[in-house]
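Read through the structure below, which is laid out as C-alpha cells, and then see the notes.
Bear in mind these aren't lab numbers, they're just calculated from the coordinates by the rules spelled out. Bear in mind the structure is a predicted one, so any value in this text is a computation, not a measurement. Don't worry about glycine lacking a Cβ; one is built from the backbone with ideal geometry, like all the others, and counts go over all protein chains shown.
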Amino acid sequence: MSSSGRRDGGHDGEHIDGHIDEYIEGGEGLDESEVRASPFLQARAWIDAALAASRLREDVPEPTALSVATVDASGAPNVRTVLMRYFDERGPGFVTNLDSDKSRELRASPAIAAALTWPALHRAIRFRGRAVPIGREEVEAYFVSRPYGSRLSAWASEQSRPAADRAELEQRWSEVLERFPDTGHETDVPLPDFWGGWRILCDEVEFWAGRANRLHDRIVFTRIADGDLAEAGAWERFRRQP
Ligand SMILES: Cc1cc2nc3c(=O)[nH]c(=O)nc-3n(C[C@H](O)[C@H](O)[C@H](O)COP(=O)(O)O)c2cc1C
C-alpha cells in the first residue's frame, strides 16, 4: 500500500482516496517493444489476461464490464455499463434492448466510446468509433445460449422506459412467464424483434497501463486506412502523455 493510500477507500479531506495507488505501485506498464502488431492482438492478449485473472483472483470481477458512452439528441453524453459479449477482428460488441435509450441514441448518432477497466491489473482499454447493429443471425446464435430467465427478461422489460413501481415489473414478468413456459428447450423463448446488439467499428484504440508516480503508459492505435482491428497496415501507433 502506498503512503497516501487508505484501505477503507473513504473520504480523506476533500478528495476521495481509493485503492488505486497501491495497485499502481506494482504496474508493469506497456513498452513499445512488447506491443503486439495490431490493436486486435493487443486487446485480445489483455482481455485473455483479465479473463484468466478473474478466474484466479477475487479483485477482477466482471472482466468484460464495458462502459459505453453515447450522445443524446442534444449532444449531451450518456454512459452506462454493459457486458462485452463479442470481441473479434471487427470490434467489441454487446447486446441490449433496441428501444433502450442507448439504442435510440446510437440510431440518431452512431458515435460511440467504450472502456474496459481492470484497476487491479493496472490496465484499461478505450475504444472510439461508430456503432453498427450486429446481424440477426449472430444475435440469435448468442440469444439461444442464454439461460431461460435471461431470455425471458428480454421480453419482460421495456428498457429505459418509466415504470410505476416494482409491482409493474413483476406483473410483466408473470405475463411473459405464462406466455413462454420453460420447456427446457432453447426455442421456448423466441428472440424479441426489439432485442439485439451493437458492434463498435473502431477508429482509435488506446491501451493504458498504470505505472508508479502516475507516469503511466498510453499506447494508441489510430486508424489511417480501411481495415479491421487485425489489419496492422490500417493503424498508426503512437504514445500519449499520461
Ligand atoms: C455489470 C453490469 C452489466 C450490465 N450488462 C448489461 C448488458 O449486457 N446489456 C444491457 O442492456 N444492460 C446491461 N446492464 C444495465 C445497463 O447498465 C443499463 O442500466 C441498461 O442497459 C439501460 O441503459 P440505457 O437506459 O442507457 O439504454 C449492465 C449493468 C451492469 C452494472
* To do: Taking the Cα centre of the chain as origin, sum charge times position over the Cβ atoms of Lys and Arg (+1) and Asp and Glu (-1), and report the length of that vector in debye to the nearest 20.
  => 420
* From phi via Karplus (6.51, -1.76, 1.60), per-residue ³J(HN,Hα) for the stretch 205-216 in Hz, x at Gly/Pro -> 9, 10, 10, 10, 10, x, 9, 4, 6, 6, 8, 5
* Where a ≥ b ≥ c are the square roots of the eigenvalues of the C-alpha gyration tensor, would you call the stretch 145-190 rounded, which needs a/c under 1.5, or, failing that, prolate if a/b is larger than b/c, or oblate? -> prolate
* Farthest toward the dipole's positive end in the chain, which of S145, G27, W235, given Cβ charges of +1 (Lys, Arg) and -1 (Asp, Glu) about the Cα centre? -> W235
* **Cβ crowding within 10 Å averaged over residues, with 158-171, 126-139, 51-64 ranked highest first** => 126-139, 51-64, 158-171
* Average Cα contact separation per residue, the chain, under 8 Å, 6 or more apart, as relative contact order % -> 23
* Looking at the chain, what % of the alpha carbon pairs are farther apart than 32 Å? -> 32
* Which order results if W173, W155, W118 are arranged by neighbouring Cβ count within 10 Å, fewest first? -> W173, W155, W118
* Asked: Between Q171 and S109, what FRET efficiency follows from the Cβ-Cβ distance if R0 is 30 Å, with the result rounded to 0.05?
  -> 0.30
* Name the shape class, rounded, prolate or oblate, that the alpha-carbon gyration tensor gives for the stretch 93-182, where a ≥ b ≥ c are the square roots of its eigenvalues, rounded holds for a/c under 1.5, and otherwise prolate holds if a/b is larger than b/c and oblate otherwise. => prolate
* HN-Hα J in Hz across the stretch 187-204 - Karplus 6.51, -1.76, 1.60, θ = phi - 60°, x for Gly and Pro -> 9, 5, 10, x, 5, x, 4, 8, 10, x, x, 10, 10, 9, 8, 8, 10, 8
* Asked: Any idea what the dipole of the stretch 145-190 comes to, in debye rounded to 20, about its Cα centre with Lys/Arg Cβ at +1 and Asp/Glu Cβ at -1?
  -> 160
